[in-house]
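S.K.: Here it is, the structure in full.
The values are calculated or read from the model by the stated rules, or taken from the named source; none is laboratory data. What you see is a predicted model, and the numbers here were worked out from it, not measured in a lab. When we count neighbours, we look across all protein chains shown, and the Cβ atoms used for this are built from the backbone with ideal geometry, even at glycine.
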Amino acid sequence: MATLELDSVTKTFQDGDEEVVAVDDISMSIDDGEFLVVVGPSGCGKSTTLRMIAGLETITDGTLSIDDRVVNDVKSQDRDIAMVFQSYALYPHMSVRENMSFGLEESTDLPDDEIARMVTETGELLDIGELLNRKPKDLSGGQQQRVALGRAIVRDPEVFLMDEPLSNLDAKLRAEMRTELQRLQDDLGVTTVYVTHDQTEAMTMGDRIAILDGGELQQIAEPLKCYHEPANQFVASFLGEPSMNFFDVRLDGDRLVGDVFEYPVGDDVRSDLGETTDLVFGIRPEAVELVEGKSDAHEFEMTVDVVEPMGDENTVYLHFDPDADPESAETLVATIDGFTRVSEGDSVVARIPEDAIHLF
Ligand code: ADP
């Protein structure tokens, strides 16, 4: 088991005449046994970060330590890590058993019968014990994924590195494997860095998540902390579906003034803002409530533009200005429970609770 530490790690690539900063001055510590999910949009530097930890990519600047030992110049095979790729990277001509034992035979002096015992045991752990004599082409995608995992687990490494390992599976299998991977990681207690662009995986699997954008670390914290206390507007918009609503506003006395609404705020909110007056007002769709009749200044008379019934809940698109052209009117998206009946064109009152607003 191991801790991992990235200290001001930077990676630049030379792309013709241009220098691409793929990872920009990232510092983070990953605890022994922790499951860290690295998440962010395509091109934000996730894979490059993982590949530097794996030793598959050199580090341009900064230091990477595993268990307090700087490993910048340590070869990949000497880092005691195991990596699972999206593509599985199984050897097609080898059986499942051979795929799983190959790495051990290459890197250890363990006797053959000991390796065979470890492969059998890992096969049972992953429910592929019956498949050990098959070739990869005779396995389903989900089974191939298990073999790829088995190959990593059987090596009993200090650190697991996983790069979008579930993205080739269908939605149902992916959901099953999410739970199973978490359980396995819990049981094995191996420090794990898991890269994905999928926010559901990030929210459900990680002890903590590290959110990257443009090569920079935006926030690293427990998933719910990132969700409820996003460090910035990027994190707020990246987590949550439908996305948080954003409106440009200006602080004027005790009110936030937007293009189409005004919103009074208390002293505590104002004192947090300091001198800043131009702000972005954020509210999550599920924090918006539909209420009977307008009774205070945090409630707004609105018109229902579109209703998307999802069964257990409805996504409702509302306009602030009942007379505005729907194309140009400012929209507020609200998620309400599926039993609340609203229809397009209805007049409703939406409440935006002050304790749920975010200001950036
Ligand atoms: P992600 O995994 O988040 O999709 P990557 O780490 O693959 O992002 O890439 C981060 C950035 O670095 C991207 O702009 C990508 O184009 C660039 N990049 C990655 N590898 C190379 C390379 N070998 N040469 C040049 N640019 C690269």
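S.K.: Keeping to segment 132-158, report how many residues are assigned to a loop (DSSP other than H, G, I, E, B), touching a residue at least 40 places away in the same chain (Cβ under 8 Å) and over 23 Å from L4 (Cβ atoms).
M.R.: So the first thing to find is which residues in segment 132-158 are assigned to a loop (DSSP other than H, G, I, E, B), and the list is 132-135, 139-140, 154-158.
Adding the requirement that they be touching a residue at least 40 places away in the same chain (Cβ under 8 Å) leaves 135, 139, 154-155, 157-158.
Now drop any that are not over 23 Å from L4 (Cβ atoms), which leaves 135, 139.
Residues meeting the conditions: 2.
S.K.: Follow-up. So, R79, is that one within 12 Å of the ligand (Cβ to nearest atom), buried (at least 20 other Cβ atoms within 10 Å of the Cβ) and either basic (K, R) or without any contact (Cβ under 8 Å) to a residue 60 or more places away in the chain (or both) or not?
M.R.: Criteria not met by R79.
S.K.: Same structure, new question: Within segment 252-261, can one find any residue that is more than 16 Å from V37 (Cβ to Cβ), surrounded by fewer than 21 Cβ atoms within 10 Å (Cβ to Cβ) and of a type in the set (K, R)?
M.R.: Yes, some residue in segment 252-261 is more than 16 Å from V37 (Cβ to Cβ), surrounded by fewer than 21 Cβ atoms within 10 Å (Cβ to Cβ) and of a type in the set (K, R).
S.K.: Here is a follow-up. Tell me, which strands (runs of 3 or more DSSP E) lie completely within segment 159-258 with 3 or more residues that are modelled with pLDDT of 95 or more, among the β-branched types (V, I, T) and more than 30 Å from A329 (Cβ to Cβ)?
M.R.: 191-196
S.K.: Can you name the number of the only condition in (1) within 13 Å of the ligand (Cβ to nearest atom); (2) out of contact with any Lys or Arg (no Cβ under 7 Å at 6 or more places or on another chain) that D67 fails?
M.R.: Unmet condition: (1).
S.K.: To continue, here is another question. For segment 62-76, enumerate the residues that are of a type in the set (D, E, K, R) and surrounded by 14 or more Cβ atoms within 10 Å (Cβ to Cβ).
M.R.: D67
S.K.: Quick one: D267 ticks every box in (1) modelled with pLDDT under 95; (2) more than 25 Å from V84 (Cβ to Cβ); (3) buried (at least 16 other Cβ atoms within 10 Å of the Cβ) except a single one, so which number is it?
M.R.: (3) is the only condition that D267 fails.
S.K.: What are the residue pairs meeting all of these: first residue in segment 277-297, first residue assigned by TED's automatic domain parsing to the domain that holds A231, second residue surrounded by 13 or more Cβ atoms within 10 Å (Cβ to Cβ) and hydrophobic (A, V, I, L, M, F, W, C), Cβ atoms under 7 Å, and 6 or more apart or on different chains?
M.R.: Every condition considered, no pair remains.
S.K.: Right, next: Hey, A231 hits all of (1) in the same structural domain as V39 (by TED's automatic domain parsing); (2) at positive phi; (3) more than 16 Å from the ligand (Cβ to nearest atom); (4) among the small types (G, A, S) but one; which does it fall short on?
M.R.: (2)
S.K.: Assigned by TED's automatic domain parsing to the domain that holds T196, among the hydroxyl-bearing types (S, T, Y) and more than 23 Å from the chain's Cα centre (by Cα): does that describe T63? Working first, answer last.
M.R.: Working: assigned by TED's automatic domain parsing to the domain that holds T196: yes; among the hydroxyl-bearing types (S, T, Y): yes; more than 23 Å from the chain's Cα centre (by Cα): yes.
Yes; evaluated as a whole, the condition is true for this residue.
This table checks each residue for (1) under 21 Å from L161 (Cα atoms); (2) assigned to a helix (DSSP H, G or I); (3) not small (G, A, S).
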residue	(1), (2), (3)
Y88	yes, no, yes
M94	no, no, yes
L104	yes, yes, yes
E124	no, yes, yes
E130	no, yes, yes
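S.K.: Determine, yes or no, whether E222 is within 21 Å of D31 (Cα to Cα), assigned by TED's automatic domain parsing to the domain that holds Q145 and not aromatic (F, W, Y).
M.R.: yes
S.K.: Also: Looking at this structure, is L161 surrounded by fewer than 23 Cβ atoms within 10 Å (Cβ to Cβ) and either among the hydrophobic types (A, V, I, L, M, F, W, C) or closer than 30 Å to V21 by Cβ (or both)?
M.R.: Working: surrounded by fewer than 23 Cβ atoms within 10 Å (Cβ to Cβ): no; either among the hydrophobic types (A, V, I, L, M, F, W, C) or closer than 30 Å to V21 by Cβ (or both): yes.
No, not satisfied.
S.K.: Output the number of residues of segment 92-123 satisfying the condition of being more than 22 Å from D80 (Cβ to Cβ), of a type outside the set (A, V, I, L, M) and surrounded by 12 or more Cβ atoms within 10 Å (Cβ to Cβ).
M.R.: 5
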